[in-house]
1. Could you give me the ³J(HN,Hα) list for the range 370-382, computed from phi with Karplus coefficients 6.51, -1.76, 1.60 and θ = phi - 60°, whole Hz, x at Gly and Pro?
2. Exceeding 22 Å between C-alpha atoms, which entries from my cross-link table qualify? They are LYS396/LYS441; LYS9/LYS96; LYS179/LYS495; LYS69/LYS383; LYS179/LYS485.
3. Under 5 Å between amide hydrogens, which residues at least 5 positions from ILE465 or on another chain qualify, with H placed 1.01 Å from N in the peptide plane?
4. Near LYS118, which aspartates and glutamates are there with a Cα under 15 Å away, not counting those fewer than 8 places off in the same chain?
5. Taking only C-alpha pairs under 8 Å that are 6+ residues apart, what is the relative contact order of the chain in percent?
6. Would you calculate a helix-derived [θ] at 222 nm for the chain, using -39,500 (n - 2.57) for each DSSP H run of n ≥ 4 and dividing by the full residue count, to the nearest 500?
7. Would you mind classifying the range 336-447 by shape? Square roots of the alpha carbon gyration tensor eigenvalues, ordered a ≥ b ≥ c; an a/c under 1.5 is rounded, otherwise it is prolate if a/b is larger than b/c and oblate if not.
8. Summing +1 for each Lys or Arg and -1 for each Asp or Glu, what net charge is found among the other residues whose Cβ lies under 9 Å from the Cβ of ASP339?
Amino acid sequence: MVKTIDGRKFQKMIILGADNLSSYADYVDSLNVFPVPDGDTGTNMKLSIQSGKEEVVNNSNDHIGEVGKVFAKGLLMGARGNSGVILSQLFRGFSKHIEGEEQIDAKMFASAFQAGVKTAYKLVIKPVEGTILTVAKDAANKATELAEDTDDVEVIMDEVYKEAMASLKRTPDLLPVLKEVGVVDSGGQGLVYVYEGFLRALNNQELDIDQSIANFSEDGKVDTDSFVNDEHDFLADFMSTEDIIYGFCTEFMVRFQDGKKPFDEEEFRNDMGEFGDSLLVLSDDEVVKTHVHSEHPGQCLTYAEQYGEIIKIKIENMREQHREVLKKQQDKELNKKVDFAVIAISMGDGISEIFKGLGVTHIISGGQTMNPSTDDIAQVIKKSGAKKALILPNNKNIIMAANQVDSVVDAEVEVVETKTIPQGLAALLGYNPDESVSVNKESMTQMMEDIQSGSITNAVRNTTIDGVDIKEGQFMAIQEGKIIKALDQIEDTLKHLLDEMIDEDSEIVTIISGEEADSGVTERTRLYIEEQYEDVEVEIHKGRQPVYPYLVSVE
């Protein structure tokens with residue numbers, strides 16, 4: 001029986017809750033309803049709660065109120081995406097309720113869950129049932145009910161966990177799209193993993209990770225550590241990441257062996273040249289040292305094995321190195337001093353350049369594939385020294401985190417709630433640096449009202465959404481966040497999307513091509529628009545964004 005919880009016990013609960021969620025983050029990602037290759041609920045929740053955990057570990061205390069305070073602050077600063085922000089608000093309310101308490105009993109433990117739910121529901125303007133909010137609410141109601149009959153905190157946590165699981169199973173009955181796709185709510189699943197960790201800490205148990213779920217990924221592979229990142233700095237100066245044809249810098253030595261194929265340097269050099277470029281071959285009577293940039297390092301090694309024993313292998317991901325170089329360059333830009341900061345979340349260096357040309361002072365890389373945290377955005381404002389700031393999230397999953405920034409910086413901040421890149425670009429046409437942030441927010445919001453947004457991306461699994469049958473590998477046309485068509489050919493999909501978006505009032509169509517765009521498809525689509533819609537002007541930009549081969553706007 002556990003009658004009270006102090007700061008040390010609560011610290012252990014937080015640590016196990018965070019670690020349990022982190023172990024299953026890939027699985028939670030897989031539950032995202034849209035079958036796009038950017039499911040991020042688990043990742044966002046993991047990064048958010050890990051930020052809170054780090055604060056707790058670095059500020060150990062017997063006083064549970066103090067532990068709750070630093071946990072809530074860490075969660076807020078690390079909050080990413082809607083799921084991460086809602087998680088932070090659940091524990092903000094929880095921690096505020098126990099503030100000032102050295103330890104808490106069962107009744108206060110139960111009422112703290114209710115306080116968390118109340119705070120989280122206030123955050124969401126139109127709460128949707130069948131989500132993490134519902135799971136949290138049902139679990140908190142169970143805690144309140146039990147607190148009338150027991151003073152055992154362990155019993156309450158056990159039932160909170162069980163009710164959270166039961167509520168999670170009911171989410172498809174409350175949210176039709178979940179039932180249609182055949183999954184439970186991803187945010188709710190993440191919260192269940194947190195509560196499971198809490199329960200194990202109260203039971204003095206270690207985590208019991210189900211590796212078959214923890215190692216889950218869409219392609220059946222387990223995530224591995226990043227390759228070594230010694231910089232190929234010259235790449236950053238002369239090409240974009242997507243221009244790197246041979247992505248792996250492969251170096252190895254072969255020690256010649258009797259019984260193996262006799263070494264002929266000219267033959268070796270010619271054959272190895274078929275695997276890539278930047279080839280360097282140095283040999284003597286005992287070894288050959290090889291350097292080559294290849295897309296398939298394993299093929300290089302397999303070929304070389306016929307001459308002897310492979311030694312001193314080093315393989316480096318040059319695309320990742322290039323991204324790191326670009327990030328360092330971007331970090332320098334993020335430190336730029338300004339009085340009025342205009343911050344845009346952007347994906348793709350081409351899109352970022354367009355944003356800068358329209359008056360954006362600071363770019364934060366992110367979007368569908370990685371949602372920046374509240375602290376990521378706040379740090380840009382702090383380092384810039386700005387007294388006024390406008391934030392363009394350009395993604396609906398970043399708006400909540402952006403809206404928290406005003407509470408953690410000493411500056412006047414407004415969020416122009418752009419949900420797409422096209423909306424962000426349109427909004428900037430209403431920006432006037434001589435006006436106040438509030439006036440700018442109003443004018444910029446008006447500028448984006450006449451913009452329609454669309455996109456093309458790949459399906460990563462078979463599913464059915466809103467009556468659209470989708471097969472893995474097909475291209476999906478997405479209009480204003482809704483999948484309207486899935487076809488085998490990207491050109492057919494793009495044309496279908498445009499036909500749906502363009503009407504008699506349309507004047508300008510903008511197509512932003514991504515990393516995986518096909519120049520032939522782009523040009524044929526431009527001609528198609530000019531032939532089919534004579535009064536419509538077409539603009540094409542190279543955005544070089546990942547995941548989405550094409551972004552489209554119609555105004």
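Every number here is computed from the coordinates shown, using simple stated rules; none is lab data. As the structure is a prediction and not an experimental result, all values here were calculated from the model. In this analysis, Cβ positions are derived from the backbone assuming ideal geometry, glycine residues included, and neighbour counts consider all displayed protein chains.
1. Along the range 370-382, the couplings run 7, 8, x, 7, 4, 5, 4, 6, 4, 5, 4, 5, 4 Hz.
2. Going by Cα-Cα distance, LYS179/LYS495; LYS69/LYS383 fall outside the 22 Å limit.
3. Long-range HN contacts for ILE465: ILE470.
4. Once the sequence-local aspartates and glutamates are set aside, what remains near LYS118 is GLU129, ASP138.
5. 12 percent
6. My calculation for the chain gives -15000 deg cm²/dmol from helical runs alone.
7. rounded
8. Here the charged neighbours net out to +3.
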